Amino acid sequence: RLPESAGLPLRLELHFGRIGPEPHARIPGEDPGRAGDQLTEGSDAAVPALPAPIRQIQPWETLGGFTIAYRLRPDMEATLAYSTLASDMHSEAVTADGQARLRQVRLTSWQFGGRWLLRREGWLPFFSGAIATFSGQEKGRELLSDESWHHNEGALGVRLGAGLDVPVTRFLSFGVRAGYNWMRAFRERIGGRRDYDGGDLRLAINWHLGH
């Protein structure tokens with residue numbers, strides 16, 4: 001049960017999970033802001049078919065992050081969350097200009113919003129919403145010349161979600177979260193995409209301070 005009065009009304013959360021869509025490779029030497037613009041943006045069709053060389057694109061690593069929540073009242077929290085995930089991309093064969101390339105894509109997000117509990121004891125279902133910033137970074141290097149580069153983009157968006165927390169002790173609970181992110185398109189592509197709208201599924205562990 002969540003007490004109506006407690007010393008320090010804070011909740012600290014660590015979460016991890018999976019997110020989509022996956023990143024796509026870009027043709028070496030292609031303008032990241034123009035590739036596929038003649039097709040539907042945000043869809044798999046927006047990334048043109050990749051000729052030789054063959055590419056390997058690793059799926060996203062585990063989504064990880066944390067949330068700091070301040071209890072405004074027994075059934076409502078203000079939340080600040082941070083999430084990050086990354087993927088490595090490897091151009092396996094030598095390209096037309098004689099180079100092979102390694103790339104890494106990283107996405108990060110800060111989210112400020114709220115959480116509304118539907119119950120105050122036992123299993124705790126909730127809804128959540130937040131205004132979010134989305135940042136993308138693509139960096140890489142040429143394997144033969146060791147020349148490196150990087151590119152950053154940023155955009156605003158929102159996140160809506162729902163979940164369930166299960167108390168284990170007075171100070172500890174475990175939970176599951178599902179959410180969906182909407183964001184404005186990046187000006188130029190990161191990982192072959194200009195937006196990463198999509199859902200995610202997370203597991204969480206919570207520490208309740210002041211209970």
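The values are calculated or read from the model by the stated rules, or taken from the named source; none is laboratory data. Note that the structure is a prediction, hence the values are computed from the model and not measured. Positions of Cβ are generated from backbone atoms using ideal geometry, with glycine treated the same way; all protein chains shown enter the neighbour counts. Calculation scope for accessible area: heavy atoms of the full protein, side chains included, ligands and nucleic acids excluded. Shrake-Rupley method; radii C 1.70, N 1.55, O 1.52, S 1.80 Å.
Please give the net charge around ARG159, taking every other residue with its beta carbon less than 14 angstrom from that of ARG159, where Lys and Arg add +1 and Asp and Glu add -1.
Its environment carries a net charge of +1.
What accessible area, in Å² to the nearest ten, does a 1.4 Å probe give for ASP146?
100 Å²
Can you give the accessible area of ILE205 in Å² (nearest 10), computed on protein heavy atoms with a 1.4 Å probe?
40 Å²
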